[in-house]
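The values are calculated or read from the model by the stated rules, or taken from the named source; none is laboratory data. None of these values were measured; they are calculated from a predicted model. We place every Cβ from the backbone using ideal geometry, glycine too, and count neighbours over all the protein chains shown. Note: accessible area is taken over every heavy atom of the protein model, side chains too, but ligands, DNA and RNA are not part of it. Shrake-Rupley method; radii C 1.70, N 1.55, O 1.52, S 1.80 Å.
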Amino acid sequence: MGVKVFRSPARHGYAVEGSPFIPTRLACAASQYYGIAGSGTLLILEETESGIALVKSCEWSDGLFDVAWSETNENLLAAGGGDGSLQLWDSSSNHSAPLRVAREHTQEVYSVHWSQTRGENLLVSGSWDQTAKVWDPTLSKSLTTLKGHEGVIYSTVWSPHIPGCFASASGDGTLRVWDIKSAACRLAIPAHKSEILSCDWCKYDEHMVVTGAVDCSVCVWDLRNPRQPVCQPLVGHSYAIRRVKFSPFSRTVLASCSYDFTVRFWDYSSSQPLLETVEHHSEFVCGIDFSLHTPNQVLDCSWDETVKIYTPACLTAGTHTAGP
């Protein structure tokens, strides 16, 4: 497994996302001093034949915990900060300051996501203030604020299928599904008996959502039958699962990264669901994404001050590369 590495001295990676437009472009939200104190950096990176190069580095006065590329403009990104801010950045600009800063959240913004459904251009943010907010791309003023979680919101993800619908995962142990038109929670699933740090929608099935939690388990949910997971919880991680991500190229394949320093790949439809464990970091692995352009290519970032691009062996075997 060939691995390309970018080193970011004194910047600890929290989130990484590949560009939906430019196959070689990716962004990483990173923080100084493990995000506990100090500033943050948004790294715009480019995959090259021999490695990963820095395109642009954007500095922010507080830690950065999440990043999302615009789905309509190849140069725009949004980032969430430890000071409760959302910033809008232009990767093509020579200016070092963001285009706009929104400061409505009262605590850390741990999640930001750009809507992926056609005809909709919205952002959603999730915060430690227990609220999720929906924004238009100018970030001028939030369009709506969703309340209902009784704990920190760690993850907010738009449905790739249903306009105006997103899921959130919280420290209160619930997975919630929201409808922004009615500004209401449509479904609340007590998905784990511990904090849920991440959720993601299946790209092929509008009813399937995955959660990853502090209890070290990954659970896949059919929203039509939320009483129990679709399969037995996926277990193997030895510490909290920081992020989960469905593959854009295979209906039942997903990835999880963890505070146990590993990334694991799963096929939840298999009787032996664990496909591979990747152990190439020396600290918490906080960010993971699949490339939308290169089948089975994976991006991750860690508190060990590295961003890595690779294709895990289990996904090149030929059995997990097909679409739905």
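Here are some notes:
- Screening the candidates PHE284, PHE249, PHE265, PHE261 for the property of being over 19 Å from THR311 (Cβ atoms) and touching a helix residue (DSSP H, G or I) at 6+ places or on another chain (Cβ under 9 Å) yields one hit, PHE284.
- SER256 meets each of the listed conditions (1) in a loop (DSSP other than H, G, I, E, B); (2) crowded, with 19+ Cβ neighbours inside 10 Å; (3) among the hydroxyl-bearing types (Ser, Thr, Tyr) apart from (1).
- Residue check, THR117 modelled with pLDDT of 95 or more and not hydrophobic (A, V, I, L, M, F, W, C): no
- Test for THR211: is it in a strand (DSSP E or B), open to solvent by 10 Å² or more (accessible area, probe 1.4 Å), in contact (Cβ under 8 Å) with a residue 24 or more places away in the chain and of a type in the set (S, T, N, Q): no
- Sole residue being outside any loop (DSSP other than H, G, I, E, B), open to solvent by 30 Å² or more (accessible area, probe 1.4 Å) and in contact (Cβ under 8 Å) with a residue 40 or more places away in the chain, chosen from ALA169, ALA132, ALA188: ALA188
- Applying the criterion of being without any contact (Cβ under 8 Å) to a residue 60 or more places away in the chain and touching a Lys or Arg at 6+ places or on another chain (Cβ under 6 Å) to the residues of region 135-150, the residue that is nearest to ALA68 (Cα to Cα) is SER142.
- Region 1-59 holds strands (runs of 3 or more DSSP E) entirely within its bounds, and those carrying 3 or more residues that are crowded, with 21+ Cβ neighbours inside 10 Å map to 12-18, 25-31, 40-47.
- Residues that are among the hydroxyl-bearing types (Ser, Thr, Tyr) and open to solvent by 10 Å² or more (accessible area, probe 1.4 Å) within region 79-115 comprise SER91, SER92, SER93, SER96, THR106, TYR110, listed in sequence order.
- Out of LEU275, LEU292, one residue alone is closer than 22 Å to VAL67 by Cβ and either of a type outside the set (Gly, Ala, Ser) or at pLDDT below 95 (or both). It is LEU292.
- Subset of region 300-324 [open to solvent by 30 Å² or more (accessible area, probe 1.4 Å), modelled with pLDDT under 95 and closer than 18 Å to THR277 by Cβ]: THR316, ALA317, THR319
- Region 116-128, subset part of a strand (DSSP E or B) and not aliphatic (A, V, I, L, M), residue surrounded by the most Cβ atoms within 10 Å (Cβ to Cβ): GLY126
- Single residue of region 214-239 satisfying the filter (open to solvent by 10 Å² or more (accessible area, probe 1.4 Å) and aliphatic (A, V, I, L, M)) that is farthest from LEU274 (Cα to Cα): LEU223
- Scanning region 277-299 for residues that are touching a Cys at 6+ places or on another chain (Cβ under 6 Å) and either open to solvent by 40 Å² or more (accessible area, probe 1.4 Å) or touching a residue at least 60 places away in the same chain (Cβ under 8 Å) (or both) gives GLY287, ILE288.
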